[in-house]
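Reading through the structure tokens given below for one structure.
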Amino acid sequence: MGFCNPLTGICNPLHHATKALLLGLALFAVPAHCDDTPTAAAENELVLGIFPRRAAVVTKKMFTPLANYLSQQLGRPVRLETTHDFVSFWDNVDRQRYDIVHFNQYHYVRSHKTRGYRVILKNEEHGRSTIASTLFVRKDSGIHSIMELKGRKIVFGGGKTAMLSYITARHLLEAGGLHEGDYLTTFAINPLRATIAVFYQQASAAGAGDVVVRLPRVRQEIDVSELKALATSQPMAHLPWAVKQNMSKQTRDRVQNILSQAKRSTQGRKALSAARLSNLIIATDAEYDPHREIIRSVLGENY
């Protein structure tokens with residue numbers, strides 16, 4: 001029986017004979033040792049997962065130089081991956097698909113407890129290694145307090161596992177006297193789109209990180225001067241980077257050292273700049289205890 005291409009419908013009756021011949025030749029071409037086979041190379045590969053803070057195509061463009069830099073410095077392949085939404089990203093984290101992972105603070109504290117991921121670094125953006133949650137409204141909305149959001153639509157960026165734009169934003173609402181059910185809840189695919197939705201009056205308020213209005217993509221699309229911060233949380237440790245529990249100490253220390261020292265080289269600074277980072281700072285697990293308290297208060301989950 002010949003081979004038929006399901007896309008073109010073209011059949012090749014010689015396919016199997018040719019395949020058998022090539023297979024036979026390949027058997028003689030395989031070297032006695034297999035250290036450099038594709039299988040060994042795949043086992044040596046590290047998968048770097050980046051959470052969908054931004055659109056997937058933007059994320060890949062931003063972080064590819066950093067993945068390449070890490071690969072070059074480690075002397076082993078580093079494959080960059082991201083997803084289009086928080087749900088699928090968390091599924092990958094839960095399945096421990098990523099050897100190194102850059103994610104939000106909720107993902108970290110949860111995966112630390114349930115999967116043993118260990119924090120090694122945190123972001124520094126615009127010279128700051130802390131970040132806060134903010135509720136944004138339009139300046140012309142007439143909204144001046146959280147209680148004035150009662151019965152109105154609030155858009156949260158990224159979904160229910162978004163630390164700043166949902167969990168901490170809800171904490172701000174509760175501190176201001178509003179609880180779940182007191183307002184209409186909707187979600188945007190990420191914090192950027194949530195903020196943009198408020199600008200276009202598709203919602204009365206948006207939950208996002210305080211840095212969102214500084215992002216070039218947001219500034220290109222809307223006039224951020226038309227927005228104001230209704231409420232902002234206390235600054236907390238910035239977005240973390242962690243590694244698998246079973247990663248060797250030697251590899252973990254090398255990854256941490258390479259990335260925390262990247263700022264010292266021209267190539268490293270270029271890679272950080274492409275990722276819109278001013279630096280990567282060594283971090284400890286205890287820095288994420290304030291996030292654990294907020295998660296416990298809002299969601300009733302203990303990490």
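Quick check on the stretch 175-208: of everything there that is crowded, with 16+ Cβ neighbours inside 10 Å and among the charged types (D, E, K, R), which residue is farthest from ARG138 (Cα to Cα)? So the residue we want is ASP182.
Report, by residue number, each residue of the stretch 73-92 that is surrounded by 23 or more Cβ atoms within 10 Å (Cβ to Cβ) and in a helix (DSSP H, G or I).
Those that are surrounded by 23 or more Cβ atoms within 10 Å (Cβ to Cβ) and in a helix (DSSP H, G or I): PHE86, PHE89.
Within the stretch 264-280, the presence of at least one residue that is modelled with pLDDT of 95 or more, within 22 Å of GLY116 (Cβ to Cβ) and under 22 Å from the mean Cα position of the chain (by Cα) is confirmed. Against the test of being surrounded by 14 or more Cβ atoms within 10 Å (Cβ to Cβ), touching a Ser or Thr at 6+ places or on another chain (Cβ under 7 Å) and not assigned by TED's automatic domain parsing to the domain that holds HIS171, the options LEU280, LEU259 yield a single qualifying residue, LEU280. Each residue in the stretch 209-227 was checked for being β-branched (Val, Ile, Thr) and more than 16 Å from LYS139 (Cα to Cα), and 3 pass.
Of all residues in the stretch 100-126, those satisfying the criterion of being at pLDDT 95 or above, farther than 19 Å from LEU299 by Cα and either touching a Phe, Trp or Tyr at 6+ places or on another chain (Cβ under 9 Å) or not charged (D, E, K, R) (or both) are ILE100, VAL101, HIS102, GLY116, TYR117, VAL119, ILE120, LEU121, LYS122, ASN123. Looking only at the stretch 193-224, count every residue that is touching a Lys or Arg at 6+ places or on another chain (Cβ under 7 Å) and among the hydroxyl-bearing types (Ser, Thr, Tyr) and tell me the total. The total comes to 1.
Tell me, which helices (runs of 4 or more DSSP H) lie completely within the stretch 154-246 with 3 or more residues that are among the polar types (S, T, N, Q) and at pLDDT below 95?
In the stretch 154-246, no matching helices (runs of 4 or more DSSP H) lie anywhere.
The values are calculated or read from the model by the stated rules, or taken from the named source; none is laboratory data. Bear in mind the structure is a predicted one, so any value in this text is a computation, not a measurement. Positions of Cβ are generated from backbone atoms using ideal geometry, with glycine treated the same way; all protein chains shown enter the neighbour counts.
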